[in-house]
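Here the structure comes first, spelled out in structure tokens, and everything after it is commentary.
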Amino acid sequence: MIALIQGEIYAVNETSLVIIVGGLGVEVFVTNALREQVKVGETITLHTSLVVREDSLTLYGFEKEEERQFFVLLLGVNGIGPRIALSVLSHLSVDAIRRAVLSEQADIFSRVPGVGRKNAQKILLHLQGRVGGEIPFATLQRMDADTAVLEALTGLGYSVVEAQAALQSLPKDASEDVEERLRLALRFFAS
């Protein structure tokens, strides 16, 4: 198995990167966020997962080992292939996935393109007990507020990815008040 790849970015494609490793161009499928932050000519190191099919060998790359682990966990869900698993990680951060599982909110997964209600429920059930961690009370309050802000932002027409980015931009010491968090999240779009 190819666990890690390091090399120079030769091309940034619509869903992948081509990385030069030892004179070979290796295509590695990556999340949207990672693809948008890299440039041709940069050196990159990715944690990878090789998916072997009858007709192909496909490499998926992640900036952090934890993302790769979640990708592998998502592949264990019946009916979820590598493209949808990558889509989940493109639209939801690892922390957002963990919060959704620990607070049993399958609807967070159903907002990801390609994931319907049934698959969202399957993801939730499969990941329960596998993502680890307990949620302190203060974090539970923030999660409820963040869920309300996420719903408000998507209701205003922002995509799940944009709404998640706005939530992640909030200061760690931001108020737990939903209106305050929404106001701060909307500032993200103004800048």
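The values are calculated or read from the model by the stated rules, or taken from the named source; none is laboratory data. Just so it is clear, the structure is predicted and the values come from calculations on it, not from any experiment. Cβ sites come from the backbone with ideal geometry, for glycine too, and all protein chains shown count toward neighbours.
Remark: pairs (first residue in segment 99-118, at pLDDT below 85; second residue outside any helix (DSSP H, G or I); Cβ separation under 6 Å; 6+ apart in sequence or on different chains) = Leu102/Ile135. Here is the figure for segment 59-86: residues that are among the polar types (S, T, N, Q) and surrounded by fewer than 16 Cβ atoms within 10 Å (Cβ to Cβ) total 1. Among the residues examined, His91 qualifies as at pLDDT 85 or above, of a type outside the set (Val, Ile, Thr), touching a Lys or Arg at 6+ places or on another chain (Cβ under 8 Å) and within 20 Å of Glu66 (Cβ to Cβ). Give the residue, chosen from His47, His91, that is touching a residue at least 40 places away in the same chain (Cβ under 8 Å) and in contact with a strand residue (DSSP E or B) (Cβ under 7 Å, 6 or more places away or on another chain). After ruling out the rest, the residue left standing is His47.
Criterion applied to Arg111, Arg68, Arg83 was being of a type in the set (Lys, Arg), under 29 Å from Gly22 (Cα atoms) and touching a His at 6+ places or on another chain (Cβ under 9 Å), and the one residue passing it is Arg68. Condition check: at pLDDT 90 or above, closer than 25 Å to Leu4 by Cβ, exposed (fewer than 14 other Cβ atoms within 10 Å of the Cβ) and of a type in the set (A, V, I, L, M, F, W, C). Does Leu50 satisfy that? Yes, satisfied.
Can you tell me which residue among Val77, Val52, Val72 is in a strand (DSSP E or B) and farther than 22 Å from Ala11 by Cα?
Answer to the selection: Val52.
With respect to (1) touching a Ser or Thr at 6+ places or on another chain (Cβ under 6 Å); (2) loosely packed, with under 11 Cβ neighbours inside 10 Å, the lone exception for Ser56 is condition (1). Note on segment 1-47: residues that are more than 17 Å from Ile84 (Cα to Cα), modelled with pLDDT of 90 or more and among the small types (Gly, Ala, Ser) amount to 6.
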